[in-house]
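Read through the structure below, which is laid out as structure tokens, and then see the notes.
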Amino acid sequence: MLNAYKADLHIHTVLSPCGDLEMSPTAIVERALSRGLDMIAISDHNTTRQVKVAQKVGKAKGLFVLGGVEVTSQEETHCLCYFPDDAALDAFQEFLDAHLPPIPNDEERFGYQLIVDENEEIVGEEPYHLLNAIDVDIDGIYDEVHRIGGLFVPAHINKGTTSLMSQLGFVPPDLSADGLEINARTTRDEMVKKFAYLKRFTFITDSDAHFIDNVGDVYNHVYMEHRSFDEFAMALHGEEGRYVDSMYFRDHRLR
């Protein structure tokens, strides 16, 4: 039997320089639960170092937290990557550390990059600016994500900046990806009507929350037997009846 799980799969914490200081893992989990979400994904810019705390807090409170990251490719395109376990997260963090330019963060200009624990105490900080592009292209990122068993989903592909369409002018017909994310300014039907070749992909739509009030503003219904990485992968791929129904809004006025 399949269950419909409400999922917001693109959320930033205080570790992202553009993330508000209120975006601690504990605050995010509590807000997600208050919004009726069953599942979220932490996807900070070019780092996974806040994921494990969020997963610990989520597990204690009954929220499934998918480990992820939003990578900026060499083309300056944002890509969501999701991972099955700590070993894969650690492996991808090593990859990011090797390919992120060692340019110090300017806190006054870009914001803090703080690592906090479940008690919202600061336990570390990322020294290098996380909004820079890594020196690996989209295909290379896909290959590395899949090498360690993860999922690759280009982010907000219709956005006017940092997207496939803004940077390349189109979505490559031969793109290797497990799905595509669109923002709330379009729908899957609208995208497929314009670009029929995209119908082979599952689409997701998320809040891309940087502020606590926006967590769960936009979410998906993911139809799975239970909440797990493997079940989510099956839903993205449309396997054994699993699927994703995107584009739900907490407040209809958002459209």
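No value in this document is a laboratory result; all are computed from the given coordinates. Remember, predicted model here, so these are calculated numbers, not experimental data. Quick reminder, even Gly has a Cβ in these numbers, built from the backbone with ideal geometry, and neighbours come from all protein chains shown.
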Exercise. From the list Asp90, Asp85, which residue is in contact (Cβ under 8 Å) with a residue 60 or more places away in the chain and within 20 Å of Lys52 (Cβ to Cβ)?
Worked result: Asp85
For this session: For residues that are among the polar types (S, T, N, Q) and within 15 Å of Asp245 (Cα to Cα), scanning just region 172-206, find the one that is nearest to the chain's Cα centre (by Cα).
Result: Thr205
Exercise. Taking the condition at positive phi and not hydrophobic (A, V, I, L, M, F, W, C), does Glu120 pass?
Worked result: yes
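Residue-by-condition table, conditions (1) touching a residue at least 40 places away in the same chain (Cβ under 8 Å); (2) farther than 18 Å from Gly67 by Cβ; (3) loosely packed, with under 15 Cβ neighbours inside 10 Å; (4) touching a Leu at 6+ places or on another chain (Cβ under 8 Å):
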position	(1), (2), (3), (4)
Leu131	yes, yes, no, no
Ile141	yes, no, no, no
Ser163	yes, yes, no, no
Gly169	no, yes, yes, no
Arg185	no, yes, yes, no
Exercise. Glu239: free of Cβ contacts under 8 Å to residues at least 24 places away in the same chain and crowded, with 17+ Cβ neighbours inside 10 Å, yes or no?
Worked result: no
Exercise. Based on what the data block shows, is Asp44 surrounded by fewer than 24 Cβ atoms within 10 Å (Cβ to Cβ), under 24 Å from Asn105 (Cα atoms) and either under 15 Å from the mean Cα position of the chain (by Cα) or not aliphatic (A, V, I, L, M) (or both)?
Worked result: no
Exercise. Does Glu120 satisfy the condition of being assigned to a loop (DSSP other than H, G, I, E, B) and in contact (Cβ under 8 Å) with a residue 24 or more places away in the chain?
Worked result: yes
Exercise. Do we find that Glu76 is surrounded by 22 or more Cβ atoms within 10 Å (Cβ to Cβ), closer than 18 Å to Val136 by Cα and not hydrophobic (A, V, I, L, M, F, W, C) in this structure?
Worked result: no
